[in-house]
Ligand code: HMG
Ligand code: MG
């Protein structure tokens, strides 16, 4: 029954909000994260220690982490708070903010990596090596994000072999988990399956996560082959919020509500209360003044 348990990594406060024109205030972010925790989510990515000039929406990440409740709430194990880190300055900020887990992020393609963090893929791996060592020395878990696993808005399609080689290199650096990102949501099972199979020849399913954007409405379809192959960690975003400001054409993440509804239908366990999650998605959509992008959220709100 261990195999029936799935862990969601909630992207709403980070990937979800980094692309919003009007940023949520600190109290609104705190309320969002409180509600997400109340729904039963155990891992929440809450911010990014990146340049505030590049992503102003994440500028309050340190203040946010300082204000977040820590420890067990209502008998539940403490929520693990994650944040993105692009370089040493970001790592120092994340350590000072007592982040539980950092996410280093690079990609399969130079075009996106240069647009996103200003360096090549090879340079990013050189930069990351000492960061992983330092984080691990301090007992902070390191997740490695690998973007453009299907294709790049600048460089075109990515080969499965390339993804497997890059995933292996991040894994060998000491990342405990590799999150495979279809940054612009262009994949279908036709391209996702060969990609997953290539990566799974190098890395066990238990160390992989999938991070699908839903730009073309394929994210849920792409999730199925990942589940069938034993991947049990899923990145998703409440109300389907999300998108990368440096990936032209990227829209929201796969909605967390869709993931929980699907898994419940498959008889798998997430530990997430769908009603609380959906109400949170409805609430945050109202705060942002945008329609709720989760179909499950819309359906439940109309009941
Ligand atoms: P840079 O400008 O190339 O580098 O930024 P720099 O080192 O020359 O620094 C320039 C200025 O930035 C300096 O300030 C630094 O202090 C400051 P100034 O002297 O001009 O006042 N700076 C920082 N400030 C705060 N925190 C830091 C930091 N580092 C430098 N850590 C940098 C390089 C990487 C910082 C920049 O390009 C950046 O912040 N990029 C942001 C990228 C980003 O956040 N993208 C979105 C997240 S990735 C994503 O969404 C994909 C994902 O979801 C997976 C998927 O979907 O595929 C994860
Ligand atoms: Mg993303």
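FYI, it's all coordinate maths here, none of it is from the lab. Treat the numbers as computed from the prediction; the structure is a model and nothing was measured. All Cβ positions, glycine included, derive from the backbone under ideal geometry; neighbour counts span all protein chains shown.
Where both residues lie in the chain, what percent of DSSP beta bridges are antiparallel, nearest 5? The partial results should precede the final answer.
Numbers: 4 of 39 bridges.
Around 10 percent of the beta bridges assigned by DSSP in the chain are antiparallel ones.
Counting other C-beta atoms within 10 Å, which of 224, 166 has the fewest, and how do the rest follow?
224, 166
With each run of n ≥ 4 DSSP H residues scored as -39500 (n - 2.57), what mean residue ellipticity at 222 nm is computed for the chain after dividing by its residue count and rounding to the nearest 500 deg cm²/dmol? Before the final figure, lay out the partial values.
Numbers: 11 runs with 123 residues, N = 303.
Dividing the helical sum by the residues of the chain leaves -12500 deg cm²/dmol.
Can you give me the Kirkwood hydrodynamic radius for the chain, using every pair of distinct Cα atoms, in Å to one decimal?
Details: mean 1/r = 0.0530 Å⁻¹.
The Cα-based Kirkwood calculation yields 18.9 Å.
Can you sort 9, 121 by how many other beta carbons sit within 10 Å, fewest first? Don't jump to the answer; show the numbers that get you there.
Values: 9 25, 121 22.
So the residues, fewest neighbours to most, are 121, 9.
Taking every DSSP beta bridge with both residues inside segment 1-155, roughly what % is antiparallel (nearest 5)?
On the way: 1 of 19 bridges.
Antiparallel: roughly 5 percent of the beta bridges in segment 1-155.
Can you tell me what share of the DSSP beta bridges in segment 64-178 is antiparallel? A percent to the nearest 5 is fine. It would help to have the intermediate numbers written out before the result.
Values: 3 of 16 bridges.
Antiparallel bridges: around 20 percent, rounded to the nearest 5.
Give the order of 241, 24 when sorted by the count of other beta carbons within 10 angstrom, beginning with the fewest. Numbers along the way, then the final one.
Details: 241 30, 24 19.
Arranged by neighbour count, lowest to highest, 241, 24 become 24, 241.
For Cα pairs less than 8 Å apart in space and 6+ apart in sequence, what is the mean separation divided by the residue count of segment 85-222, i.e. the relative contact order in percent?
Numbers: 246 pairs, mean separation 30.7, N = 138.
After rounding, I find 22 percent.
Please compute the contact order of the chain in relative form: average sequence separation of alpha-carbon pairs under 8 Å and at least six residues apart, divided by the residue count, as a percent. Walk me through the numbers on the way to the answer.
Numbers: 650 pairs, mean separation 60.9, N = 303.
Averaging sequence separation for qualifying contacts and normalising by length gives 20 percent for the chain.
Pick from 150, 119, 234: which residue has the top mean-square fluctuation in a GNM of the chain where Cα pairs under 10 Å get a spring?
119
Please compute, over every Cα-Cα pair in segment 28-88, the percentage with a separation greater than 14 angstrom.
Working: 1034 of 1830 pairs.
When every Cα pair of segment 28-88 is considered, 57 percent fall beyond 14 Å.
Kindly give the semi-axes, whole Å and largest first, of the ellipsoid equivalent to segment 166-295, taking each as the square root of 5 times a Cα gyration tensor eigenvalue.
On the way: eigenvalues 128, 60, 36 Å².
Rounded to whole Å, the semi-axes are 25, 17, 13.
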